Structures are given as C-alpha cells and as structure tokens.
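Working notes, structure below.
The values are calculated or read from the model by the stated rules, or taken from the named source; none is laboratory data. Being a predicted model, the structure only gives us computed values, none of them experimental. Reconstructed Cβ throughout: ideal geometry from the backbone, glycine too, with neighbour counts over all protein chains shown.
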Amino acid sequence: MNKIKMAWFYPHELNLYGDRGNVEVIKKRCEWFGVDFELVEVTKLTNKNKYIDCNLVFMGGGPDSEQSLVYEDLIQNKKKFLTDYYNNSGVGLFICGAYQLLGKYYQLSDETKIDGLEIFDFYTKSMGVKDKRFVGNVVGNIVNPEISNLLEKNYKISSVIGFENHGGRTYFSKDYEPFLKLDIGNGNNGETKNEGLVSKGFICSYLHGPILHLNFHIADFLIASVLSISVADLKQIDNKLEILLHKTNKNLFKR
Amino acid sequence: MNRLIHIFLKILQLIIKKFNYGNGSTIPGHIAIKLNKNILKWYTNKLNNGVILITGTNGKTTTSHLIKNGIDSFEKKVIFSSTGANLENGIVSSFIDSIPYFSKGNNDYGVFEVDELNLKILLNNISPLSIVFLNLSRDQLDRYAELEVILNSWQTSLEKLTNTNIFIYKEDLLLNKLVFDKIIYFSNELKFTSFLKGSFNEININASYKVLESLFPKNQDKIKKVLESFKPVFGRGEKFIYNNNEITFLLNKNPSSFNENLKLVIDLSATYPHNNNIVVVGLNNNIADGKDISWIYDVQENLLTNLDRNIDSWVCLGNRYIDIATRLKYAGIKEEKTVLIDSFLKFKSFMDGFEGKNIWVLPTYTSMLTMRSIFNESNLGKSIKA
C-alpha cells in the first residue's frame, strides 16, 4: 500500500501550541516522497465509516475547557475504535492531553478521577497550583534500541527535541517503554527522566514544538511504519534545512 | 509615609536616569510596591479625574497612545507610560516620575496599558474611571495561562467595581462573556482616514473614539480629527528609510497579530512590483517574546502562500531563524526564496545590498528592539518621525 490516510481527532478542540503543524509536516513529506495522502478531520459528528480505514491517527492536546467538550464523545464513541486500532498495531501519534487520555485515569487536583480510554495502564495526576507546571525546552534520546539504531543509521540522529508545557504527572503502573530518556526537561513526572511512551504502533509524548517540525526523522519513521517499509526505502529528499534545525536547536536548548 | 517613599524613589529614579542604569521605568515602582503594596491607590487619588486602563492581547500600546493623544488635545494633563511598561511596577514608576516631590501635582488622567494577567492585581487596589477590553486570543501560553483563566480573573475583578465604564469589543466572542452593569460596546463601524493600516487598527481607533467621547461629549468632530492625525508608534507600523528602501515594522507577537500583519502586507505589497517586496521575519524566543515558538504553526498557511505571490524573498532572522525558514518550507514556499541570516549584525550588511525596495519587517518583540536599534543608533536611516 502506498497511501497514508491520516485521521486527525478533534482538530478544533485538541489543537494547542501549534500541534496542527504535525499534520502539515506529514502531509508535505508524503507529497515529497510521492506517497498519496488523505486527511480526515474527526469531530464529534464524523461518521465512523469516514475514518475506520485510516492508517495513521493523530491527536493533540487541548486546554482543559476544550478537552471537556470532546471528552464524552471520545470515551463513549471512539474508545472501541482506538482500542482495536492499537491492538491491531495501528500507527498513531498522541501529544500531551491526548497521551494522558490513553491511560487509566486523570486525577484532578481535588482528587476527582476522570476515566481515560484505558488502552494503557498508567495514570496522570494534575498538581493544580500545588506544584509547578513543567514548562520548557526538552532534549532526549530515543529509548527503543531498534528505532534508535534505525534512525541513527539512516539520519545520524537519534535524539528528539521539543517544548513541554503540562501540569500533569504521568506514572506507569506497568513496565512500559518510555519514548525518550531526557538530558534536558522533566518528561512524564520529573522524577525518572523518562518522557512519553512507545508501544506497538503508538508514540505518545508531552512534546509540542510541534514535535514533527523539530524532528523530521520521527515523521519519516511514522510514515515508513504505516507503509510497512524501512525509512531507508523512502525516496531520497533534501533534508538539509530539517537537519540544521534539529541540530541548531538541540544545541540552543542544551545551553 | 507614602510621601517619604515617593520622595526617596523620585531621587532613586533621578540617579538611575542620570547614570544610565536604565530608563527608570520599572525599578522605582517595583521598590515602591515592596514598601507599600497599596501605593498605587495613593497615587491614583492624586488624579483630578481618574485612571483609564487598556488591556487585551493585541493593540494595547497603539490604543493607549491614541487615547493619550486625544486627551492631550483637550489640554488635560495625562500620566502615561511611554515605554509601554505594562505591569504594576511600570505604572507606579510613571506616577513617581510625574508627581512632584512635595505636592499632589495637577494631573487629570492616567492612561495605561495593562498586561492581561496583571489587570486583576491592579483592580484589587484601584477603581478606574474606564477599562478597555480590546480582544483576547492566544499569546505566549507558556507565560500566560489558558484564556478562560484570564477571562475568569477579569470577571471576578469586575464584580468589585461600581462606577467604572467598561468598553468591550463587540465582535470578540470570549470578551462577550464578560458581565457588568453598564458595558459600552465598540466595533469597527465608524470609518476613519488614518495613517494606521489594517482592520485591527480600525478597532483600536473605534475603541479610542468611544473612550474619548465618554470623556469629552459633544466634541466628536475634534476627536475624529485628532485620531486621524495619529502616526504609528514603536514598531507598530513605524516606517524607516534606509538606502532608499522603505522599511515598515509590524510587530508580530502571536498568531493573531501575525495573521493580521500578513493580511495587511498582502494588501500593501500588491501595489508594488513583485521583485520590489522583501519580507523579513524576526523570530526570537527570549522571555519577552515567549520561550515557545510553536505558535508559528497556528498562523494561517494560506496567508503565507498568498503573500508569497507578491514578494521576492523571505529573510529569516532571530535566534529561531531556522524554525521560521522550516515553517515557510512546510507552508509550501520554495526554499530558494528564503534567505537565512544567523545574526542581526549581518542583517545590516545584508540591507546594504538593496536599494529602492519595500522591506516589510515582521519581528517578535525583542527582535524588533534589536532591528530598530540598528536603524536608530547607527544613524543609518532617517526615521520618519512618528
């Protein structure tokens, strides 16, 4: 198959800190690779038939008020689709609030628990105003050796950079593989230097930036994963600007 | 006691200015508040008429200048923060500067722009004559909280007020949630012939008109005339001539101002030949700009590509210059049309290579300060005085 059909969940409500840029990066790179690209914006009203055959899912973060507007629809109408999609090794990118919603629950600062999609056995605690938000630049390295080696071999880059801005602390109840080990930044909970989660076809991360703007190699990894090929098999395109961006900002963030 | 604090800080302000430690626009006020956290009330009680506050995401500086100029034209005395310092310490510093050592002075109004999150701090202390709410949209969310948090803090503050005139932009959906006894709405319904370009400025002018009309009723013609004679200020539509190039600064603070600036430059650049237009985007991420630059992806892509048709090249500057170049690439702008300049110093020699061009500079706040100083301090360009 040589087509990406990307389902972007709740583009209006869950679109904070330029997360829409991730969609633009996938779209443009597909165009340059000569890969057909179709985007479906999934809202509360979208018929399931429109996205059931998608092969790339993207969901971003949103402010609390916006997140609550789609929460009910997500839990009631999208849970089965996303759970099956994950179990069938579908490829997806989940940023910040979307990442938190994949877990068991989200605990508000007043101890109320909001159920998540329960695809993963982790929970997130909001610290409210009791503790500081994690805001700032992030530099880390990919934990999964297979992904790390693949990207190192093909791009000479296995680091990931971005900007985090979250009040929630995420704790794993199971032994999941984090997405990144951080040199700079707080990541999941500020205690472990772990950031995000990688499991089957899902990459979950707190990183905005947008993440795929700062890390084109992750965009390529997602595209290649959908097409069931190696990044080495993607058409050669000019990445000079993207490499310069990643390396320059990595140094800037480390300072 | 407050009088002693005042005298002490007036002397300090004098020293700061004399020995060039700064312009004294924030530090004296900062110390004054430390010594008495309610000192602003003492100061505002010295005014014959009262305080006018202007807040919102975009347009604060321009609108406060418009209102100040308008009041000036009625020969009333205004205390004003000309540097645009918009936190409480900046406002107190303006009072320290304007109130005499030993008397209450003869000042009629205070006109101040106020940072969105600082409005509630001020309203804990003072009860203004008028507050203008211009708009509310995303601005540096790494620094500010979510919009609802700001809106709620405004609503809570409003509930303490009784005799204040509240001016609200009618078309802003968020602002329309604010509830108050008497709200005066403004829109862009009144048309003005102005040096200030762009639909956002029409709104700023309409807001100023309504405020001035409330202060000086039955003087509509005079108010209109004063507003129409107003020239752009400090990087907000300011023009410079250098090497026979016309350079226009349009401050880019957030997605909405970036979008508005793009719309404006699309219109203005269309009247010149394509190879005559150059756009310079200065993207810094210092604290005053916001550390997070992801907002460049919240800018409307079609505005970037529409403008691209009118221009010869995009110059990318600032410590995040590669980010803006990449953003343009992913908007579909050809890489050959972007010029990457990694330091502001090189920008000067870059400018020497051009003559007779229209240069549209879209800078974030700190990159605006740097670029402006290149033209000002080096005396290279002749500023068209605002």
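If you take the residues of region B:316-360 that are of a type in the set (S, T, N, Q) and over 20 Å from B:Lys291 (Cα atoms), which of them is surrounded by the fewest Cβ atoms within 10 Å (Cβ to Cβ)? Step through it out loud before you land on a result.
Step one: filter region B:316-360 for residues of a type in the set (S, T, N, Q), giving B:319, B:326, B:338, B:343, B:349, B:358.
Subset that is over 20 Å from B:Lys291 (Cα atoms): B:338, B:349, B:358.
Working: B:Thr338: 20, B:Ser349: 9, B:Asn358: 21.
Result: B:Ser349.
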Next item on the list: Please give the number of the condition B:Gly198 fails out of (1) at negative phi; (2) under 21 Å from the mean Cα position of the chain (by Cα).
Entry: (1)
Margin query: Considering only residues that are part of a loop (DSSP other than H, G, I, E, B) and within 14 Å of chain A (Cβ to nearest Cβ), which ones fall in region B:289-314?
Written below: B:Asp289, B:Gly290, B:Lys291, B:Asp292, B:Ile293, B:Asp298, B:Val299, B:Gln300
Note to self: Can you say whether B:Asn252 is within 28 Å of A:Arg20 (Cβ to Cβ), more than 13 Å from chain A (Cβ to nearest Cβ) and part of a loop (DSSP other than H, G, I, E, B), as far as the supplied structure shows?
What the structure shows: yes
Margin query: Name the single residue that is farthest from A:Thr248 (Cα to Cα) among those in region B:315-344 being β-branched (Val, Ile, Thr) and within 14 Å of chain A (Cβ to nearest Cβ).
Written below: B:Ile333
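Of the residues A:Ser225, A:Ser205, only one is within 14 Å of chain B (Cβ to nearest Cβ), of a type in the set (Ser, Thr, Tyr) and buried (at least 17 other Cβ atoms within 10 Å of the Cβ); which?
On the way: A:Ser225 fails: within 14 Å of chain B (Cβ to nearest Cβ).
Only one candidate passes the filter, namely A:Ser205.
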Notebook entry, point to check: Quick one: how many residues across region A:1-23 are within 12 Å of chain B (Cβ to nearest Cβ) and touching a residue at least 60 places away in the same chain (Cβ under 8 Å)?
Noted result: 7
Check: Does region B:311-320 contain any residue that is under 20 Å from the mean Cα position of the chain (by Cα) and aliphatic (A, V, I, L, M)?
Finding: no
Check: Do we have B:Tyr297 as over 15 Å from A:Phe163 (Cα atoms), crowded, with 22+ Cβ neighbours inside 10 Å and over 22 Å from the mean Cα position of the chain (by Cα) here?
Finding: no
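Residues are listed down the side, and each one gets a yes or a no for (1) touching a Cys at 6+ places or on another chain (Cβ under 9 Å); (2) basic (Lys, Arg); (3) farther than 23 Å from A:Pro63 by Cβ:
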| position | (1), (2), (3) |
| --- | --- |
| A:Leu117 | no, no, no |
| A:Phe122 | no, no, no |
| A:Arg133 | no, yes, no |
| A:Gly136 | no, no, no |
| A:Ile147 | no, no, yes |
| A:Lys156 | no, yes, yes |
| A:Ser159 | no, no, yes |
Note to self: Could you go through region B:236-247 and let me know if any residue there is outside any loop (DSSP other than H, G, I, E, B) and small (Gly, Ala, Ser).
What the structure shows: yes
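Evaluate region B:345-353: report whether one residue or more is within 14 Å of chain A (Cβ to nearest Cβ), among the aromatic types (Phe, Trp, Tyr) and assigned to a helix (DSSP H, G or I). Before you say what the answer is, go through the steps one by one.
Here is the first cut: in region B:345-353, the ones within 14 Å of chain A (Cβ to nearest Cβ) are none.
So far as region B:345-353 goes, no, none of its residues is within 14 Å of chain A (Cβ to nearest Cβ), among the aromatic types (Phe, Trp, Tyr) and assigned to a helix (DSSP H, G or I).
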Checklist line | Any chance A:Leu182 is within 28 Å of A:Asn55 (Cβ to Cβ) and crowded, with 20+ Cβ neighbours inside 10 Å | finding: no
Next item on the list: Inspect all residues belonging to region B:72-90 and state whether any of them is among the β-branched types (Val, Ile, Thr), assigned to a helix (DSSP H, G or I) and buried (at least 16 other Cβ atoms within 10 Å of the Cβ).
Entry: no
Next item on the list: Restrict the check to region A:57-74 and report whether at least one residue is more than 14 Å from chain B (Cβ to nearest Cβ) and modelled with pLDDT of 95 or more.
Entry: yes
Item checked: Within region A:24-39, considering residues that are away from chain B (no Cβ under 12 Å) and in contact with a Leu (Cβ under 9 Å, 6 or more places away or on another chain), the one farthest from A:Phe163 (Cα to Cα) -> A:Val35
Notebook entry, point to check: Since A:Lys174 meets every condition but one in (1) out of contact with any Asp or Glu (no Cβ under 7 Å at 6 or more places or on another chain); (2) over 17 Å from A:Gly136 (Cβ atoms); (3) part of a loop (DSSP other than H, G, I, E, B), which condition does it not meet?
Noted result: (1)
Checklist line | Where a residue in region A:143-167 is within 14 Å of chain B (Cβ to nearest Cβ) and its partner, wherever it lies, is of a type in the set (Gly, Ala, Ser), with Cβ under 6 Å and at least six apart | finding: A:Gly162/A:Gly209; A:Phe163/A:Gly209; A:Glu164/A:Gly185; A:Gly167/A:Ser126
Item checked: Test: A:Ile243 is surrounded by fewer than 17 Cβ atoms within 10 Å (Cβ to Cβ), touching a helix residue (DSSP H, G or I) at 6+ places or on another chain (Cβ under 6 Å), within 14 Å of another protein chain (Cβ to nearest Cβ) and touching a residue at least 60 places away in the same chain (Cβ under 8 Å) -> no
